[in-house]
Structures are given as C-alpha cells and as structure tokens.
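Below is one structure; the comments refer to it alone.
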Amino acid sequence: MIFFSSDLRLKYLYAFCIALGLVWANFSQFQSLPFFTLTLSNAIVLLGAAPLFFWLKNEQREAIPLLPMHGFFYAITFGIAGFHRFEQSIFEAWRFEIPKDTFVYALFCVIAGLLSLYFAYYLVAPRLLKKIDKVTLFPFYIKDKNAYTLLAWIGYPLTCLLYWHSQEGWVAYLKPSFFIGYQFIFYVLMAAYFRGLLSTTTKVVLLTLIFPYQFFIGSVFLEGSIGPLIINLVAICILFFAIRQRMPWGWMALIILTILLIQPIKGELRHRIWQLNEKGTSYQLKQGATVVDSFRELSNIVSNQYIDGGGAHTFEIKKVSQDSYVRMNRLTTLVQVIDRTPDPQPYRYGSTYTPLLTKWIPRIFWENKPRETLGNDWARAYGLATPTDYAYSYNLPWIAEMYMNFGFLGILGTSFLIGLLFYAFKVVICQTGNDPGMLAFGVLLMMPLMFPESHLSMVLGGVIVGGILLTTLAFLAAKLFPKMFESIVINHSHITPICK
C-alpha cells in the first residue's frame, strides 16, 4: 500500500507500530520488571517517538527531520533497552554489574534530557531565535542537467580515487575532505535520480556502479564499519520521502535486513581483516589486504553463519535480532558513566567539548593539532578497556558525556542548548526545497546529528567542517563551471545568485 506524505493514515500507522511494540515489550518476556522501571521505559519510548509522529502529521513539515529522528534514536537505543532484565546477557558484554537504583536513575536522566531538549526546541527557541531566518547559506545549486553527468562520470570517481590514495604526506590531511566530497556527490545523484533528472546512461552508471560501490566500499563497510552504511541508507530514505512524497518501504526494508544480517557478524569480520598499527593506538586493515580480500572474508562469514553449518549457524530471527540490539543499546553506557561519576571518576567540567574550539582549523595548516582520543580515554578510565589498551575506541553517547561533564545538571543544561541549536538548524538548513544540491547539502550535514551515539565534539565538529567544505566547493564550482552550477544565498524568504 502506498502512503503519500499528505496521507493522514501514515501517522496513525506509525503510532500503531509504536503501540504494538510497547505492548509486546510490556507483556512478553520483560513482564517481570518492576512497575516503576516499566513506566520510565515506556515514557522514554513515547517521548522519543513523539516528534516523528507530529512531523508526519504536519503537511508543512521540514524536508529533513532532524529532531524527529534524533528523538527516535533515543526511543530505540535508550527506551527499548530499559525493558531488558538486569541479568540478561545484553549487559554482560560490558562486564560490570548494574545496580538497580543506578539503572532506574539512568532512565530518569534520559527523560529529563528529552524534556529539556523539547522545552528549548518547541517553546523557547521560536521566541528567542525569531530572527534566525535571516542567517544565510551558500548551498550547492545545479543549473544544468549535464552537471549530473559530470558528477557521475568524473566527480565521484575522482574524489573516491583521491580518498583511497591520500595516505601519506600533506594529501593525507585532506582525506576526510575527500570522504565528505564523494558522500555529497552520491547524495546529489540519488536525489536527482528520485526527481527523474538523470539521463539514461547516468542512471545506469548510478545503479550498477556507483550505488554498489557506495554500499560496500564507499561507506567503508568493507573496512569493518557498519555505521556509515546505515547512515547512507537512512539518508536515501529521507531523500526519497522529501522528493517522491511517499514512504520508501523498499529502502527501509534494506536497512532492517542489513542490520539484522551484518551486525552480528561485524566483529568476526573485523577480527579477520584488522591489525594494530605500528604505534598500537588503533586498528587498520592488515598489511597488503585489499577490499577484495575483505569481500572474500565477508562472503565466507555470511556463508558459514547463515547458509552452511546446519542448525548451529542457521538464521534464527530471535538470536540475530538480539545480537543486533546489543550493539544498538546505549543505555548501558549511560549506566556505566553514572555509576562511576563523580566517584571514582571526577566530573570533566566541559573538557570533552574543547575540541570544538579548534575543529574548524584544517590539519594541513596545523600539523600538530591535538587528535581526539576521547573514545579510548574514557573507556580506559571507566573500565571498559584495560589501562594499556590504546587501540579500541568506544562510542560515548551525548547524554552520557553530558553527565560525565556536569552530572544531572549537565544533562538538563546541555540538552537545552542542543534544543536551541537544533531549532536554528531546522530553520536555516532543514527547511529546504527539493533541489538535489540543496537537499544533499542539508542531508549530509544533518544526518550525524540524528544519531548521537558518539561524543559531541566529534559529531558536531564534523558538521562544522562539512559545512565549511561544502560551502567552499559550492563557490568554487560556480566559479569554474558557471553554466552548470550556481552558488546562491538562501535566507528562506528569497533566493539570490551570488556567482554567475
């Protein structure tokens, strides 16, 4: 059944799915939990899922659902986690016992953080930031359809080539920029495909070459990372919904299938293709290994796990879903931080946010700019890694980082500030039209903020760097190819060309 964006049944279908999930969570194997714990867990799911419901209900909705997806992330990774029993294996992977009181307090902290976020976003920001719509952007605007052919045949392959060969010297400092570049071009091409703006040959190149490459290699999936791949697929869903104005059921099914099949075997893939670097501070592909080797290892693991091996390794939906959710559960991280802060670990008092002050400075101009090692530092300090393990990096969700810095008041205050920031992003970036360049600009910048599972300076810093880079590219493209691209000023009441 096709549900268009203006179909009121769409929001009711979403509400029904949430209600059905809560009924299952409350009355199936989780019913032995205390009533108060169940109440808090239900509250997190409902609070987290509510903004997406109202976004679907609003026919004047912004194209990019930043806050709705951000809230939905909390519903899944914190709310659903609250229904698990304390003694279940989902917590054993972290090798620490969960005090019951701390667990309940963590649920309460999540609720408080969401309420503070919403209070700032819905009530304070519209009054405090009345003039924010006067802030201008310089996004990537495409004037000529031939530009898509140029991007598909030259732009995407060139940026990918530069990314994979920027290993040494000053070019290595540009590697993150090349990654942002080909991700952006991919989103532009997908948006143009959904709008029917691609020629037949460009469409064939996109579907038979670029998309498979992006799925397996461009998203660095074959390097053992599944996160960028999922973000790519979610971004495609958002582009599809914004342009086609109907639900991307096929793309959503691909996301679920990818998580269920790949997440449980990701660790085995990393074990086979990774090795410590010379300094012992991080993992990298084994010396001499190629993506072909990674693909071969992936094929062998999938075959052993889901095809061969008889009953022991056949696909079991319950086991696979549980294995997948172990990785998605962020509540255990918050519990660990609360349990050990401020004793034995002292409050950080904002020190984890200081990289935001220098994130915008390119490393090519500051070779010795401090590297962000918080993912490893906090894991060793809090007992998730041994004191001598400088290689593994553990995600630190925003809300856990808030508590690590200032405790409960940090959750309230930082969530409030993020609510103001999200409202500014909504007005300035998310309320874009259906032009492929503008949509790709907004989606690329906003997608990381929808998944707050890594520390704030890394995610928000990436948005800052990406915004500067894409704005520069837009300006240069308009100068070099004036017949194809145009850099325009958008202040949400009118659009003005600045390069012709």
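Express the C-alpha Rg of the range 158-218 as a ratio against the empirical globular expectation 2.2 N^0.38 Å, rounded to two decimals. Please report the intermediate quantities before stating the final value.
On the way: Rg = 13.1 Å, N = 61, 2.2 N^0.38 = 10.5 Å.
The value comes to 1.25.
Along Cα→Cβ, 7 Å out, is where each label goes; now give me the distance between the ones at residue 215 and residue 471 in nm to one decimal.
Taking the simple label geometry, residue 215 and residue 471 are separated by 3.6 nm.
Listed here are the pairs 57/426; 145/479; 143/359; which of them are more than 24 Å apart at the Cα? The partial results should precede the final answer.
Working: 57/426 17 Å; 145/479 17 Å; 143/359 33 Å.
Exceeds cut-off: 143/359.
Does the range 341-410 come out rounded, prolate or oblate, given a ≥ b ≥ c as the square roots of the eigenvalues of its C-alpha gyration tensor, rounded meaning a/c under 1.5 and, failing that, prolate meaning a/b above b/c?
Values: a/c = 2.57, a/b = 1.35, b/c = 1.91.
Since a/c reaches 1.5 but b/c is at least a/b, the shape of the range 341-410 is classed as oblate.
Which length gain, in nm to one decimal place, applies between residue 256 and residue 36 when the Cα-Cα distance is subtracted from 0.36 nm times their residue separation?
On the way: separation 220, 0.36 × 220 = 79.20 nm, distance 3.09 nm.
Once the chain is fully extended between residue 256 and residue 36, it gains 76.1 nm.
Want the number for residue 154 to residue 24: 0.36 nm per residue separation, take away the alpha-carbon distance, what's left? Don't jump to the answer; show the numbers that get you there.
Working: separation 130, 0.36 × 130 = 46.80 nm, distance 5.04 nm.
Net length gain for the segment: 41.8 nm.
Run the simple label-point estimate for residue 146 and residue 345 please: 7 Å along Cα→C-beta, distance reported in nm.
Once both label points are built, they end up 5.7 nm from each other.
Taken together, the values in this text are just the output of simple stated rules run on the coordinates, not laboratory data. These figures come from a predicted structure and were not determined experimentally. Reconstructed Cβ throughout: ideal geometry from the backbone, glycine too, with neighbour counts over all protein chains shown.
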